[in-house]
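Each remark here refers to the structure printed beneath this line.
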Ligand SMILES: Cc1cc2nc3c(=O)[nH]c(=O)nc-3n(C[C@H](O)[C@H](O)[C@H](O)COP(=O)(O)O)c2cc1C
């Protein structure tokens, strides 16, 4: 029997106006192995208030439709890619909120981390790796850290195809590790 096609959610960490994240997430998605189905998830589309669930997520008891919808979305995925900028040596709050809304839905699933920033976002990758361990996820070893220039951070044009070219081998290596972790 042919292997089932695996579904990967590519979760974008940034929700701010004028963000680079959609361009970078699309660039990462375009380098995926052909065996994987990918869907980019924009947390802007997911209304997840921080104060409206009374039970802790580890119980799996959700009072709200939006939490149940997020639960179904994540539970239906075989693995994840998080594409996120580094913000003040950490990662964006909406990403933590989206992770913390659930628990078992993430469990034992492979995760690939792609960070970006002036120095590649290595500090945010380290923090996310710790959080993913707390959620019992299987984070792949290779974590591409994409560098953007100071001028680009301040608004100079950014062309993912051109500006991220040198990161292609590492991104492909991370994808291969994710693919293998799904077996
Ligand atoms: C709130 C905030 C904090 C930032 N902190 C860092 C940082 O710690 N390190 C870094 O290299 N870049 C930092 N930057 C610059 C971001 O790497 C850059 O703006 C990037 O484009 C942000 O991703 P986004 O455009 O998808 O939101 C920060 C940007 C913002 C908006």
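Placing pseudo-labels 7 Å out from each Cα toward the beta carbon at residue 108 and residue 183 gives an inter-label distance of 1.9 nm.
Rounded to 0.05, the FRET efficiency of the residue 88 and residue 149 pair, given R0 = 22 Å and the Cβ-Cβ distance, is 0.70. To the nearest 10 degrees, how steeply does helix 168-181 sit against the main Cα axis of the chain, on a 0 to 90 scale? Taking the Cα atoms of the chain, the angle to 168-181 is about 20 degrees. Treating r as the C-beta distance of residue 47 and residue 158 and R0 as 41 Å, the FRET efficiency rounds to 0.90.
In terms of overall dimensions, the C-alpha atoms belonging to the range 28-119 reach 38, 35, 24 Å along their principal axes, ordered largest to smallest.
Between the range 132-177 and the range 41-58, how many Å separate their Cα centres? The distance from the Cα centre of the range 132-177 to that of the range 41-58 comes to 26 Å. Among beta bridges from DSSP that stay inside the chain, the antiparallel ones total about 5%. Quotient of the Cα radius of gyration of the chain and 2.2 N^0.38 Å, N being its number of residues: 1.01. Helix 65-75 against the longest principal axis of the chain: what's the angle in degrees, Cα atoms only, rounded to the nearest 10? For 65-75 against the chain, the angle is about 60 degrees.
Going from the residue with the fewest nearby Cβ atoms within 10 Å to the one with the most, 17, 53, 39 rank 17, 39, 53. Beyond 20 Å, what share of the Cα-Cα pairs of the range 96-183 remains, rounded to the nearest whole percent? Of all Cα-Cα pairs in the range 96-183, 43 percent lie more than 20 Å apart. Treating r as the C-beta distance of residue 55 and residue 133 and R0 as 35 Å, the FRET efficiency rounds to 0.90.
No lab work stands behind these numbers, since they all come straight from the coordinates. The shown structure was predicted, so the numbers you read here are calculated from the model rather than taken from an experiment. No Cβ is skipped: glycine too gets one built from the backbone with ideal geometry, and neighbour counts run over all protein chains shown.
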